[in-house]
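Accompanying notes for the structure given below.
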Amino acid sequence: MNEDSKNIESLLNKAEAARFLNKKPTWIAYAVRHRLLDYVRVGQQLRFRIETLERFVTENTYRAKARGRR
């Protein structure tokens, strides 16, 4: 499998992206409308790269504050 084939296989549709993020497809549509998620347009359909979704998770992960002793 060449690199181009691998990139195409890593494109998810809206339902698959929603499943990946554990969200509803309507949230994916909201995120696209508000430019929260990058996407690839294939004709009239939207596709999402797994790498983009993983980056979204990383960029929106907040670390808990360390609890000190009193």
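The values are calculated or read from the model by the stated rules, or taken from the named source; none is laboratory data. Treat the numbers as computed from the prediction; the structure is a model and nothing was measured. Heads up, the Cβs are rebuilt from the backbone with ideal geometry, glycines too, and the neighbour counts pull from every protein chain shown. Each accessible area value is taken on the protein alone, full model and side chains, heavy atoms only, with ligands, DNA and RNA left out. Shrake-Rupley method; radii C 1.70, N 1.55, O 1.52, S 1.80 Å.
Here are some notes:
- Filtered residues of the range 35-58 (kept if open to solvent by 100 Å² or more (accessible area, probe 1.4 Å) and assigned to a loop (DSSP other than H, G, I, E, B)): Arg35, Gln44
- Scanning the range 39-64 for residues that are within 13 Å of Ser10 (Cβ to Cβ) and acidic (Asp, Glu) returns Glu51, Glu54.
- Contact map, the range 27-46: residues that are farther than 17 Å from Val57 by Cβ paired with residues that are acidic (Asp, Glu) and open to solvent by less than 90 Å² (accessible area, probe 1.4 Å), Cβ distance under 6 Å, separation 6+ or inter-chain. No pairs are found.
- Any hit, the range 16-26, residues being surrounded by fewer than 12 Cβ atoms within 10 Å (Cβ to Cβ), outside any helix (DSSP H, G or I), at pLDDT 95 or above and under 11 Å from the mean Cα position of the chain (by Cα): yes
- Being surrounded by 12 or more Cβ atoms within 10 Å (Cβ to Cβ) and either at pLDDT 95 or above or not aliphatic (A, V, I, L, M) (or both) is a description that does not apply to Thr61.
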